[in-house]
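The values are calculated or read from the model by the stated rules, or taken from the named source; none is laboratory data. On a predicted model such as this, the values are computed, not experimentally measured, just so you know. For neighbour counting, all protein chains shown are included, and Cβ atoms are generated from backbone atoms with ideal geometry for every residue, glycine included. Each accessible area value is taken on the protein alone, full model and side chains, heavy atoms only, with ligands, DNA and RNA left out. Shrake-Rupley method; radii C 1.70, N 1.55, O 1.52, S 1.80 Å.
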Amino acid sequence: MNFISLILPVYNVEKYLERCLNSILSQTYSNFELIIIDDGSTDSCPQIINKYEKNDSRIKAFRQENKGLSAARNAGLKKAKGEYIGFIDSDDYISKYYLEYLLNALTANNASISCCTYESGTEDNYYHDEKYEGFENDLEIYDHTGAGKNMMEYKGIFVTVWAKLYKKEVLSICDFPEGRFGEDNFTTCQYLWNTKNYTDKVLLIRKKLYYYYSNPTSIVNTPNRKKINDDLWAKKERIIFYKDKNETELCQLAYNNLENRIYYFMKNYPSKRGYFFYFKYFFYCLKNNFRIKALLKFLLIYISPGFFRLIKKVGH
């Protein structure tokens, strides 16, 4: 029976942790270990973890000083014994069929990564757990190039490390970058590409098996200078990675992703407030992928984000 390692970093999520743990321990597929890395929580998370660990032998809990999400995930990977790996964020939760469906899809199709879609919300009311019949006949199968394109074109394979199940060897290509936010932007493209060296198959199940809690205090929802810079850094590293692998089509999409992300941040967090690294990343794109239209767009947004939005609205 195939053995799965689930990695769960935990940091100060006492309000949501039991919901997450209950959903994991209620899986219809039970042959897994749950590796919990408590990243120095200062609330009641250690007590909650201790209670659950005593009652379920599948839980292996470890505690470290606060080093961040990437360091916690790396620590979990080092302790993982499964041939399949999954990641879950501790304020989210999963369908009870999550592991069953993702694993069955992987093994039946000899694939390296299986992905599902997710539901997003702020309360429990977006939870549904009905059984999907015949999903095996409704899979999308991609090679490494198709999977990378799908991710960067936002067509169903999400950049997040969660909502996926991996063959362990696929993850050997890189560690999570410690001390950075937005680490999934750095790793997921490499994991998808690395399937080329194994089965060259990535599966997408268009079923919402993962439940993402849109926490207003989370890393994603509280942007600041460092988080924005790290987000852009990761997207630049994606370009460098694809250039190194001679993936011309994926590299062009990565340039587009970085440029569009710069435009987004400039409109919402203007550079006049001190975010001058927008220039650094944009001129990296311009130097390697010059387009006059992109330059004019950048300058217009920099001069007046409001005026740019007005022009765009009139144009539609």
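Any idea which of 215, 256 is at pLDDT below 95, more than 24 Å from residue 4 (Cα to Cα), open to solvent by less than 60 Å² (accessible area, probe 1.4 Å) and in a loop (DSSP other than H, G, I, E, B)? Steps first, answer last, please.
Details: 256 fails: in a loop (DSSP other than H, G, I, E, B).
Only one candidate passes the filter, namely 215.
Take the residues of the stretch 259-289 that are crowded, with 16+ Cβ neighbours inside 10 Å and under 30 Å from residue 195 (Cβ atoms): which is modelled with the highest pLDDT?
261
Name the single residue, out of those in the stretch 1-45 being aromatic (Phe, Trp, Tyr) and over 20 Å from the mean Cα position of the chain (by Cα), that is nearest to residue 98 (Cα to Cα). Step through it out loud before you land on a result.
Filtering the stretch 1-45 for residues aromatic (Phe, Trp, Tyr) gives 3, 11, 16, 29, 32.
Then keep just the ones that are over 20 Å from the mean Cα position of the chain (by Cα); that gives 3, 29, 32.
Working: 3: 15, 29: 8, 32: 12 Å.
Among residues in the stretch 1-45 that are aromatic (Phe, Trp, Tyr) and over 20 Å from the mean Cα position of the chain (by Cα), the one nearest to residue 98 (Cα to Cα) is 29.
Any residue at all in the stretch 107-116 that's under 23 Å from residue 202 (Cα atoms), assigned to a helix (DSSP H, G or I) and open to solvent by less than 10 Å² (accessible area, probe 1.4 Å)? Break it down stepwise before answering.
So in the stretch 107-116, the residues under 23 Å from residue 202 (Cα atoms) come out as 107-116.
From what's left, assigned to a helix (DSSP H, G or I): 107-109.
Now drop any that are not open to solvent by less than 10 Å² (accessible area, probe 1.4 Å), which leaves none.
No: the stretch 107-116 contains no residue that is under 23 Å from residue 202 (Cα atoms), assigned to a helix (DSSP H, G or I) and open to solvent by less than 10 Å² (accessible area, probe 1.4 Å).
If only one of 75, 80, 61 is in contact with a Ser or Thr (Cβ under 8 Å, 6 or more places away or on another chain) and touching a residue at least 24 places away in the same chain (Cβ under 8 Å), which one is it? Break it down stepwise before answering.
Numbers: 75 fails: in contact with a Ser or Thr (Cβ under 8 Å, 6 or more places away or on another chain); 61 fails: in contact with a Ser or Thr (Cβ under 8 Å, 6 or more places away or on another chain).
Within the list 75, 80, 61, the selection yields 80.
Conditions (1) hydroxyl-bearing (Ser, Thr, Tyr); (2) within 25 Å of residue 24 (Cβ to Cβ), marked per residue:
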position	(1), (2)
72	no, yes
86	no, yes
104	no, yes
132	yes, yes
148	no, no
179	no, no
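Out of all the residues in the stretch 49-73, which are of a type outside the set (Lys, Arg) and farther than 11 Å from residue 10 by Cα?
Here is the first cut: in the stretch 49-73, the ones of a type outside the set (Lys, Arg) are 49-50, 52-53, 55-57, 59, 61-62, 64-66, 68-72.
Once the filter is applied, which keeps residues that are of a type outside the set (Lys, Arg) and farther than 11 Å from residue 10 by Cα, the stretch 49-73 yields 50, 52, 53, 55, 56, 57, 59, 65, 70, 71.
Of all residues in the stretch 128-153 being modelled with pLDDT under 95 and more than 12 Å from residue 205 (Cα to Cα), which is most open to solvent (accessible area, probe 1.4 Å)? Working first, answer last.
Keep residues of the stretch 128-153 that are modelled with pLDDT under 95, which gives 128-139.
So of that shortlist, the ones also more than 12 Å from residue 205 (Cα to Cα) come out as 128-131, 133.
Details: 128: 53, 129: 36, 130: 93, 131: 94, 133: 149 Å².
Of everything passing the filter in the stretch 128-153, 133 is most open to solvent (accessible area, probe 1.4 Å).
When you look at residue 146, is it in contact (Cβ under 8 Å) with a residue 12 or more places away in the chain and closer than 30 Å to residue 133 by Cβ, yes or no? Can you show your working first?
Values: in contact (Cβ under 8 Å) with a residue 12 or more places away in the chain: yes; closer than 30 Å to residue 133 by Cβ: yes.
Yes, satisfied.
Could you list, in sequence order, the residues of the stretch 36-72 that are open to solvent by 80 Å² or more (accessible area, probe 1.4 Å) and in a helix (DSSP H, G or I)?
Result: 47, 51, 54, 55.
Do you know which residues across the stretch 181-200 are part of a loop (DSSP other than H, G, I, E, B) and either of a type in the set (A, V, I, L, M) or at positive phi (or both)? So that I can check it myself, show each step before the final result.
Going residue by residue through the stretch 181-200, those that are part of a loop (DSSP other than H, G, I, E, B) are 181-183, 198-200.
The answer is 182, 200.
With the checklist (1) under 19 Å from residue 182 (Cα atoms); (2) at pLDDT 90 or above; (3) open to solvent by 70 Å² or more (accessible area, probe 1.4 Å) in hand, flag the one item residue 226 doesn't pass.
For residue 226, the exception is condition (2).
Go through 158, 176 for me and flag whichever is in a loop (DSSP other than H, G, I, E, B), open to solvent by 50 Å² or more (accessible area, probe 1.4 Å) and not basic (Lys, Arg). So that I can check it myself, show each step before the final result.
Values: 176 fails: open to solvent by 50 Å² or more (accessible area, probe 1.4 Å).
Going through 158, 176 in turn, the sole match is 158.
Please pick out the residue among 86, 76, 82 that is closer than 23 Å to residue 15 by Cα, open to solvent by less than 70 Å² (accessible area, probe 1.4 Å) and not in a helix (DSSP H, G or I). I'd like the intermediate steps shown before the answer.
Details: 76 fails: not in a helix (DSSP H, G or I); 82 fails: closer than 23 Å to residue 15 by Cα.
Only one candidate passes the filter, namely 86.
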